[in-house]
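Visitor: Input: one structure, supplied below.
A short reminder: the numbers here are calculations on the coordinates, not readings from a lab. Bear in mind that the values here come from a model prediction, so they are computed numbers and not experimental data. Glycine also receives a Cβ, built like all others from the backbone with ideal geometry; neighbour counts cover every protein chain displayed.
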Amino acid sequence: MRRIEQPGPPVAERIQCVEARGRAFTFTMQPGQPLLEAARRGFAEAGFAGGVLNIKGGALGPFAYVMPALSKTPEHAAFYSDTYRPVGVTRLKLGAMTLGERDGAPFFHCHALWSEADGRDCDQRSSRSRNGALLPGSNRDSGHHGLKRRGRSTNHAHSARAIAAKVYHWTM
């Protein structure tokens, strides 16, 4: 079995969490907007700076994503692949997005399953699996179907890393 070792000293506090209460709400992203801006607006209209979205359905074009990969430099144990940019409209099946802030600007981390315009599918049993991490600045709602989102947010505005940690430890 291959072993990947994280460079640098170990972090003393491996899990960081903040107690928070959540609220579920639903919104529809407006066609033609970049995915990041559409998600940010949906949360802002509900009075939140960030949170977690469960995504079902929708169409994006242009579409860009990356996959997990070994790092090309010693700074990271693992990193991301080169960027993939399938041609045409990509139809989302489902996804999970953490929306927050990075370096003072809106940012998301989103994993999803989809079908590409050429028929390549996200069927996990297929060798042509289509899934990965969507890129915040590259994906735009194509306008073919408004993206419906069920959001869950907290009453704190923290970085995307802190929000992800809170949700991971959230009990309802």
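Visitor: I'd like the FRET efficiency for ARG41 and ARG102, computed as 1/(1 + (r/R0)^6) with the beta carbon distance as r and R0 of 22 Å, rounded to 0.05.
Guide: 0.80
Visitor: I've got another one for you. Using Cα-Cα distances under 8 Å and only pairs 6 or more residues apart, what relative contact order does segment 18-122 have, in percent?
Guide: Working: 164 pairs, mean separation 24.6, N = 105.
That works out to 23 percent.
Visitor: Something else: What order do you get for 102-108, 38-44 when each peptide is scored by the mean count of other beta carbon atoms within 10 Å, highest first? Intermediate values should be presented prior to the final figure.
Guide: On the way: 102-108: 13.6, 38-44: 20.3.
Highest to lowest by the protection proxy: 38-44, 102-108.
Visitor: For labels at ASP121 and ALA24 in the simple 7 Å Cα→Cβ model, what's the distance in nm?
Guide: Placing both labels 7 Å along Cα→Cβ, they lie 2.9 nm apart.
Visitor: Sort 55-68, 20-33 by packing, meaning the average of other beta carbons within 10 Å per residue, with the highest value first. Write down the numbers at each step before the final one.
Guide: On the way: 55-68: 18.6, 20-33: 14.6.
Top to bottom by mean Cβ count within 10 Å: 55-68, 20-33.
Visitor: Can you give the FRET efficiency for VAL11 and LYS56, using 1/(1 + (r/R0)^6), R0 = 30 Å, r = Cβ-Cβ distance, to the nearest 0.05? Before the final figure, lay out the partial values.
Guide: Numbers: r = 35 Å, r/R0 = 1.16.
For VAL11 and LYS56, the calculated efficiency is 0.30.
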